[in-house]
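Notes to accompany the following structure.
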2 protein chains.
Amino acid sequence: MNIGEASAASGLPAKTIRYYEDIGLVRPGRGDNGYRDFVESDVHKLVFVARSRSLGFTVEECRHLLSLYEDRGRASADVKAMAREHLARIDRKIADLEGLRATLGALVERCHGDDRPDCPILERLSGGPAA
Amino acid sequence: MNIGEASAASGLPAKTIRYYEDIGLVRPGRGDNGYRDFVESDVHKLVFVARSRSLGFTVEECRHLLSLYEDRGRASADVKAMAREHLARIDRKIADLEGLRATLGALVERCHGDDRPDCPILERLSGGPAA
DNA sequence: CCTTGACCTTCCAGTTGCTGGAAGCCCCAT
DNA sequence: ATGGGGCTTCCAGCAACTGGAAGGTCAAGG
């Protein structure tokens, strides 16, 4: 199948699929006309990568997960370890964002937000105590 | 003062300060030797930008905040609106991450993580119902 | 047979926000 | 004058695509 169908089947833009080929995530065959030719297993891989990406794994992690997936004898412990690491990253990110949210939220609350020029947000950014 | 001192005073790497000059966030003067010459107000701006960035504003937003800050007659409503928008973005991001966390956390829980090859995480990535 | 339009190809550039490194001045102390 | 820092510029690269230009291919309609 052509890249357009592969795109429809996987939900990934054609551009992205070409990019994934560039970096060696998929290796579709080629027809006589030079068009890429995707078989079922290629599409399967694309879906796998799309799902992994949507869970926030980096492309390199996807590559790794893919290789684990294709290694029929691999241990699930490897996968679990990666997933756990990723989970920890997510938790850190959430914590960071919640800190931000608290700080910024407090500033927004204190800003009266009318047409007067004094503004606690700018004051804090400019010179107030950090954090 | 030289870029090194400005860096120490603002907490930003010299490289970053040069970059900020490149994109027009600061415009330090120059000495006869070609060295950048930062005055107090330049450092002040750098600190302002550093704080805004650390609150997660994009560089373009920092530029905007800076111009609002320098406009003595601006309305605090403008600032508040930007901050609120940013707050909404943060909230969306947190929600996304929490969704991820839930999905991935559930998968990790269900993965026994030993040396057997079957793994619910890979199964989900490969073909299970999409989140 | 020719044209039209959709689809495919490659390659180059741009995005965001820096960061690293190379090559080459400059300044100060010994 | 020599050494070691600090300063300058410019070029490249990170992630993960995305947009666009220039051109080849294919199927349908007239």
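The values are calculated or read from the model by the stated rules, or taken from the named source; none is laboratory data. Remember, it's a predicted structure, so these values are computed and weren't measured experimentally. All Cβ positions, glycine included, derive from the backbone under ideal geometry; neighbour counts span all protein chains shown. Accessible surface is based on the protein model in full, side chains and every heavy atom, while ligands, DNA and RNA are left aside. Shrake-Rupley method; radii C 1.70, N 1.55, O 1.52, S 1.80 Å.
The set of residues in the range B:35-58 being part of a helix (DSSP H, G or I) and among the hydrophobic types (A, V, I, L, M, F, W, C) consists of B:V43, B:L46, B:V47, B:F48, B:V49, B:A50. Each residue in the range A:59-71 was checked for being assigned to a helix (DSSP H, G or I), more than 16 Å from DNA strand D (Cβ to nearest atom) and open to solvent by 70 Å² or more (accessible area, probe 1.4 Å), and 1 pass. Filter the range B:23-43 for residues that are more than 8 Å from DNA strand C (Cβ to nearest atom), more than 14 Å from every other protein chain (Cβ to nearest Cβ) and either open to solvent by less than 60 Å² (accessible area, probe 1.4 Å) or modelled with pLDDT under 95 (or both) and give the result. Hits for the range B:23-43 are B:I23, B:G24, B:V26, B:P28, B:G29, B:R36, B:F38. The residue of the range B:1-22 that is nearest to the other protein chains (Cβ to nearest Cβ), among those that are touching a residue at least 40 places away in the same chain (Cβ under 8 Å) and either within 22 Å of B:E60 (Cα to Cα) or away from DNA strand D (no atom under 12 Å from the Cβ) (or both), is B:S10. Which residues, taken from the range A:9-21, are farther than 15 Å from A:S52 by Cβ, more than 9 Å from DNA strand C (Cβ to nearest atom) and part of a helix (DSSP H, G or I)? Within the range A:9-21, A:A9 is the sole residue that qualifies. Contact map, the range B:26-51: residues that are under 20 Å from B:P13 (Cβ atoms) paired with residues that are open to solvent by less than 50 Å² (accessible area, probe 1.4 Å) and acidic (D, E), Cβ distance under 8 Å, separation 6+ or inter-chain. Pairs shown: B:V26/B:D42; B:R27/B:E21; B:R27/B:D42; B:P28/B:E21; B:P28/B:D42; B:R36/B:E21. Hey, does the range B:72-79 have a residue that's within 16 Å of DNA strand C (Cβ to nearest atom), surrounded by fewer than 15 Cβ atoms within 10 Å (Cβ to Cβ), closer than 16 Å to A:L122 by Cα and within 11 Å of another protein chain (Cβ to nearest Cβ)? Scanning the range B:72-79 turns up no residue that is within 16 Å of DNA strand C (Cβ to nearest atom), surrounded by fewer than 15 Cβ atoms within 10 Å (Cβ to Cβ), closer than 16 Å to A:L122 by Cα and within 11 Å of another protein chain (Cβ to nearest Cβ).
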